[in-house]
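The values are calculated or read from the model by the stated rules, or taken from the named source; none is laboratory data. On a predicted model such as this, the values are computed, not experimentally measured, just so you know. Cβ sites come from the backbone with ideal geometry, for glycine too, and all protein chains shown count toward neighbours.
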């Protein structure tokens, strides 16, 4: 009872269970029992890696944008609003709640929280994983956890065209990161282009300033050379006057 016959022209069998692929290695004369279950440990490991990476990224942003009042030192990106807006945008994505129709609506429901073990806010949007709460949620309703993380639906736009709606937290976050990091129209690319334009402008100003300084230098050298020539002429005239004065004195003596 409840058995089905499945055949495949290759050693890969799909379609038996949604999302499941069987890779057949070799024929067998005896029955083989396959048990399909959740790989909870793998999911816990992946989420732990994500949270560690996310917190490290926030630490780096803080380091680059902070101002140390004790040393009067500024981070390399201090005052750069784009970076701060990016951080706040990611924090909002992870704090977002799904519509009321969903069983699990926020990451806190699966143990991903901004609170430490004592219930205090960690700060800066940093996350912590309550592993046991995640495992309990997966055991109680894995489909609800999947929807919370990755749910994507299609909705009708104002023009009647289908539009993808990224409902799940990580599905939405992935879409947001795609819009930020796109090599053609992403936020970071736009900022990079803006900085490149500013650099070109500063380089042009520096070149113009250097040309102005070169002209001033040449003018000062010309003035100095003209002054030296004038001094040489004055010295020559002074020598001639001295000789004339001596001749006048001699003539006066001779007349006496």
Filter pass, residue 134 being modelled with pLDDT of 95 or more and in contact with a strand residue (DSSP E or B) (Cβ under 8 Å, 6 or more places away or on another chain):
yes
Out of 58, 43, 24, 47, report the one residue that is touching a strand residue (DSSP E or B) at 6+ places or on another chain (Cβ under 8 Å) and surrounded by 13 or more Cβ atoms within 10 Å (Cβ to Cβ).
47
Consider only pairs whose beta carbons are under 8 Å apart and that are at least six residues apart or on different chains; among these, list those whose first residue lies in segment 32-46 and is at negative phi and modelled with pLDDT under 80 and whose second residue is surrounded by 10 or more Cβ atoms within 10 Å (Cβ to Cβ) and assigned to a loop (DSSP other than H, G, I, E, B).
36/20
Quickly run through segment 94-143 and pick out the residues that are at positive phi and exposed (fewer than 12 other Cβ atoms within 10 Å of the Cβ).
119, 123
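Residues are listed down the side, and each one gets a yes or a no for (1) outside any loop (DSSP other than H, G, I, E, B); (2) more than 14 Å from the chain's Cα centre (by Cα):
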| residue | (1), (2) |
| --- | --- |
| 160 | no, yes |
| 170 | yes, yes |
| 174 | yes, yes |
| 178 | yes, no |
| 183 | no, no |
| 192 | yes, no |
Conditions (1) modelled with pLDDT of 90 or more; (2) loosely packed, with under 11 Cβ neighbours inside 10 Å -> residue 193 fails only (1)
Close pairs (9 angstrom Cβ cut-off, 6 or more residues apart or separate chains): at positive phi and surrounded by 10 or more Cβ atoms within 10 Å (Cβ to Cβ) in segment 67-84, modelled with pLDDT under 90 and in a loop (DSSP other than H, G, I, E, B) anywhere
none
